[in-house]
Number of protein chains: 2
Amino acid sequence: MAGSLAGSPTGLPCAAAAHGTRTRQPRWGTLYVVSTPIGNLDDITVRALNTLKSVGLVAAEDTRRTGLLLRHFGIATPTTSLHEHNETRKLPALLRKLSDGVDIALVSDAGTPLVADPGQRLIAGAIEHGIRVVPIPGASAVLAALAVSGYPADEFVFAGFAPSRSKDRKTWLQRLADEPRTVVFFETPHRIKKTLSEMAEILVDRPITLARELTKIHEDVVQATASHAATLQILDRGEFTIVLAPYSKPVLAEEIVDDAVLSAYFYQMTDSAALSRREALVATADKFGLSPNDVYARLERLKAASQS
Amino acid sequence: MAGSLAGSPTGLPCAAAAHGTRTRQPRWGTLYVVSTPIGNLDDITVRALNTLKSVGLVAAEDTRRTGLLLRHFGIATPTTSLHEHNETRKLPALLRKLSDGVDIALVSDAGTPLVADPGQRLIAGAIEHGIRVVPIPGASAVLAALAVSGYPADEFVFAGFAPSRSKDRKTWLQRLADEPRTVVFFETPHRIKKTLSEMAEILVDRPITLARELTKIHEDVVQATASHAATLQILDRGEFTIVLAPYSKPVLAEEIVDDAVLSAYFYQMTDSAALSRREALVATADKFGLSPNDVYARLERLKAASQS
């Protein structure tokens, strides 16, 4: 991205190089990246409303949809459209407005702009020109779906929209199938049934969460294995957010290995296989997918229990 | 996760199996997963405030911090602590409260619970028992940092907290170094300098974004290459959110490959190497990191230009 706007037709001076400096230019306008509701209109923050009110212009993915939101909150700020098909063309004019001191709020149809939404070129362009970019956080379908899934979210992958062609989508699902982190992606209503049957084939008994109309009154969350989900009646209306439970290697997990089984294996290793106590700990740990410390703790627990 | 609570000491009936059913149980309480501000207190939604007011109990990562937030908004709902060290122990009592009809709001210190925060076991447990889980979306440091980075966010990876041991962290950075998606992770103030110098070594000239105190008055965003960032004066206070620009293969990209160079290679393949037209298209595409369709389009464009 660096340098991609060098020699751009904006004619703007590059007040601050994007690399190695703090991008601050107080006399210029600020670009606010404003999150808007994903369904329930009450999912908007006080600061988002104040920002939409105070800026000179709202750059919106769809001015009609954003117009409804603004009118609902009695906000009269003018809007201009900014979507994937006109972003490159409109970039110079918007950057010029910012450099002229006009504050601009960037919004998408729903949620946090940039996350699978247009606006990246405007943000990157603003940064490149040393224009201040301020996030106004709020709703996001990605995080809302993660929260209702209950799957681990210490780490996760957001994989964007599923590819539209079935062949590409299958390859893509195949690649996501052994992802050890929770995966979130979007699918459109008219492809959801096809995609679910492909997921049944590729992900089989992986737990998945299908979320639709999140935050709305008819919020709909289904949890099932991939193969079961494909057999369910799914209302193909509204956009779907799909969460895949992380892939876990099919090892015997702590929960299901009995201490006695573990202990029997350990003593078999020290006695029959004539391993040292330390080697047997490591071998047992490997065998059952545990750490040597865990194995040690469980052997001690068993010993204590047998002596009491 | 499925079945992990079967035989748990809660004694709760499993009203709905988590797999294959819609998890709805209207007479029971609801578990609300409520996002709270990450800095600026105005980054809270109308719905989050209403929810915190109306529930019977707030389960908070740190009751003192959440107490400040509640008092700021004049909310008197009782709180109980729920953090990684007591989550397993407190789970049965909280699930029992929910099954007794008490609504509970789960909050973390800042941002969206679950994202590198405790609460996952409570959410998973609630789902397992058929208790309704409702997300109340709001601020998240992950998405706020992504927005100010300007890096592509059609897809991204959230990698959690950087490992605390230097050796582990280096291996982890090495693995993230060739991630083709934008990466976001957290680092603590007391390790940031060490981590930045490791990043300089491993990521070298990769553009990175360092964000601190996002949404606060002293919001601080630095963009630099990894090696430059390590030489900057960094205030080691407050938690850092770090964004890595995606790794891109050092191939000759479309922008910099001249049509004529591409064409010369293509005709060398068909003439000297005696490949078929199709094979030469694929070979040229591979060579320059383009798709065969792109190569075809560019050959056609060159032909048209040379004939006009």
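Karplus-derived 3J(HN,Hα) values for region B:89-97, using 6.51 cos²θ - 1.76 cosθ + 1.60 with θ = phi - 60°, are 5, 8, 3, x, 5, 5, 5, 5, 4 Hz; glycine and proline are entered as x. Where does the charge balance sit around residue A:39 when Lys and Arg score +1, Asp and Glu -1, over other residues with C-beta under 14 Å from its C-beta? So the environment of residue A:39 carries a net charge of -2. A dipole drawn for region A:155-308 from +1 and -1 charges on Cβ atoms has a positive end, and of A:240, A:214, A:264 the residue lying farthest that way is A:240. Residue by residue along A:38-45, Cβ atoms of other protein chains within 10 Å of the local Cβ number 6 on average. Label-to-label distance for residue B:41 and residue A:167 is 5.9 nm, based on points extended 7 Å past Cα in the beta-carbon direction. Model label sites at residue A:64 and residue B:178, defined 7 Å from Cα along the beta-carbon direction, differ in position by 4.7 nm. Placing a label point 7 Å from Cα along the Cα-to-Cβ direction at residue A:54 gives distances to the equivalent points in the other copies of 3.0 nm, listed shortest first.
Shown for the protein assembly as shown is the translational diffusion coefficient from the Stokes-Einstein equation, using the Kirkwood radius over Cα pairs, a temperature of 20 °C and a viscosity of 1.002 mPa s: 80 µm²/s.
With label points set 7 Å from Cα along Cα→Cβ, the inter-copy distances at residue A:178 are 1.5 nm, sorted shortest first.
Using the crude model of +1 on Lys and Arg Cβ and -1 on Asp and Glu Cβ, and no other charge, please compute the dipole size for chain A relative to its Cα centre, in debye to 20.
Details: 34 positive and 34 negative charges, 245 e Å.
The calculated dipole for chain A is roughly 1180 debye.
Other residues with beta-carbon under 12 Å from the beta-carbon of residue B:226 carry, at +1 per Lys or Arg and -1 per Asp or Glu, a net charge of -2.
Model label points for residue B:307 and residue A:218, set 7 angstrom from Cα along the Cα-to-Cβ axis, are 5.4 nm apart. Taking the convex hull of the alpha carbon positions in region B:119-201 and averaging its projected area over all directions gives 7.6 nm².
Work out, in µm²/s and without decimals, the Stokes-Einstein translational diffusion coefficient of region A:197-308 at 25 °C, 0.890 mPa s, Rh from Kirkwood over C-alpha pairs. Result for D is 140 µm²/s.
If R0 equals 35 Å, the separation of the Cβ atoms of residue A:85 and residue A:154 corresponds to a calculated FRET efficiency of about 0.40. What net charge do the residues around residue A:159 carry, taking every other residue with its C-beta under 12 Å from that of residue A:159, with Lys and Arg at +1 and Asp and Glu at -1? Local net charge: 0. In this structure, the pairs whose alpha-carbon distance is over 26 Å, taken from A:90/A:170; A:170/A:216; A:53/A:90; A:194/B:287, are A:90/A:170; A:170/A:216; A:194/B:287. The residue among B:230, B:183, B:164 whose Cα reaches farthest toward the positive pole of the charge dipole of region B:137-256, with charges on the beta-carbon of Lys, Arg, Asp and Glu, is B:164. Springs join every pair of Cα atoms under 10 Å in this Gaussian network model of chain B, and among B:147, B:245, B:177 the largest mean-square fluctuation is at B:147. Rg over Rh for chain A works out to 1.14, both radii taken from alpha-carbon positions and Rh defined as the Kirkwood radius. A Cβ-based charge dipole, computed about the Cα centre of the protein assembly as shown with Lys and Arg at +1 and Asp and Glu at -1, lands at about 820 debye. Under a 5 Å amide H cut-off, with hydrogens placed 1.01 Å from N, residue A:33 pairs with A:106, A:134, A:136 among residues at least 5 apart or on other chains. Each copy carries a label point for residue B:96 at 7 Å from Cα along the beta-carbon vector; from one copy to the others these points are 7.0 nm apart, nearest first. Largest accessible area first, the listed residues B:217, B:44 line up as B:217, B:44 when surface is computed with a 1.4 Å probe on the assembled protein chains. Take every Cα pair under 8 Å whose residues are at least 6 apart in sequence, average their separation, divide by the length of chain A, and the relative contact order is 17 percent.
The values are calculated or read from the model by the stated rules, or taken from the named source; none is laboratory data. Computed from a prediction, not measured in an experiment: that's the story for all the values here. Note that each Cβ is placed from the backbone with ideal geometry, even for glycine, and that neighbours are counted across all protein chains shown. We work out accessible area using only protein heavy atoms, side chains counted, and drop any ligands, DNA or RNA first. Shrake-Rupley method; radii C 1.70, N 1.55, O 1.52, S 1.80 Å.
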